[in-house]
C-alpha cells in the first residue's frame, strides 16, 4: 500500500498498482513498478563477480575515506557508489585481482609528488612536494596500501604534512600480504579555519611492488 505524506503531488512512500513512490537524496519520485528479469547469464555472473570484489574494497574504505571526503562533492550519488562505479571495470574475479590502480578520489587540488621509500621492503613512501592551501586553512594527507586482491591496510591521516614527510608503518609487514602485489595510495584534503572540508585532490599512487616479509 502506498502512503501519501502531504498531498497527491507531494511525497509518496510504497507502491500502488503499477507505481512505486519514494525519496532519494531528498528528492521525491514516482516510477513504474518493474520486476527485473534474471536470466543469470555468464555475462551477468561475471559482472556480479566484479561488483562483489569492488564492494569488498569499498566497505573497508567507507568510514575513513569515501564518506567524509567524497560525499560532499558527489552530487548525483554517494561517495561509496561513485567509488564502485569508477573501479568495477578494473576487477578480474577469475584471477581474484584488480588489473589497474584504484581511483580513490577526484578534485581540483594539486596532488603533490609521491615517491617510493624502500617499498621493496614494504616500508612506506614519502612526498617531495605537498600542495599549498590558503592562509588559515589546514592540510590533511590520507594514505593507505591496497593489495592486488583488494585488501586495504594502514589507512592513516596526517595533519599538516610538509615536504619530505615519510609514511612508514612496520605494521604493514604481515604474512597474509607476502607475495602479493601492493600499491601505496594517497590524496590531500583542504580544511578551512572552521574545520570544514573545502577541496580534495585526485588520488595518486606508487608503482606496484611485490611484498616479501
* Test: residue in the stretch 90-104 that is touching a helix residue (DSSP H, G or I) at 6+ places or on another chain (Cβ under 6 Å) and assigned to a helix (DSSP H, G or I) -> no
* From the residues in the stretch 68-81 that are in contact with a helix residue (DSSP H, G or I) (Cβ under 6 Å, 6 or more places away or on another chain) and assigned to a helix (DSSP H, G or I), which one is surrounded by the fewest Cβ atoms within 10 Å (Cβ to Cβ)? -> 80
* Could you check, for the stretch 129-138, whether at least one of its residues is in a strand (DSSP E or B) and modelled with pLDDT under 80? => yes
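Quick check: is even one residue across the stretch 96-114 more than 16 Å from the chain's Cα centre (by Cα), at pLDDT 90 or above, crowded, with 16+ Cβ neighbours inside 10 Å and farther than 16 Å from residue 202 by Cβ? Can you show your working first?
In the first step, residues of the stretch 96-114 are kept if they are more than 16 Å from the chain's Cα centre (by Cα); the result is 96-97, 99, 108-114.
Those left that are additionally at pLDDT 90 or above: 96-97, 99.
Then drop every residue that is not crowded, with 16+ Cβ neighbours inside 10 Å, which leaves 97.
Applying the additional criterion that residues be farther than 16 Å from residue 202 by Cβ yields 97.
The answer is yes, given that some residue of the stretch 96-114 is more than 16 Å from the chain's Cα centre (by Cα), at pLDDT 90 or above, crowded, with 16+ Cβ neighbours inside 10 Å and farther than 16 Å from residue 202 by Cβ.
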* Is the stretch 44-66 home to any residue that is in a loop (DSSP other than H, G, I, E, B), farther than 30 Å from residue 191 by Cβ and in the same structural domain as residue 139 (by TED's automatic domain parsing)? -> no
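The values are calculated or read from the model by the stated rules, or taken from the named source; none is laboratory data. Every value quoted in this text rests on a predicted model; they were computed, and no experiment measured them. Neighbour counts run over all protein chains shown; Cβ positions are idealised from the backbone, glycine included.
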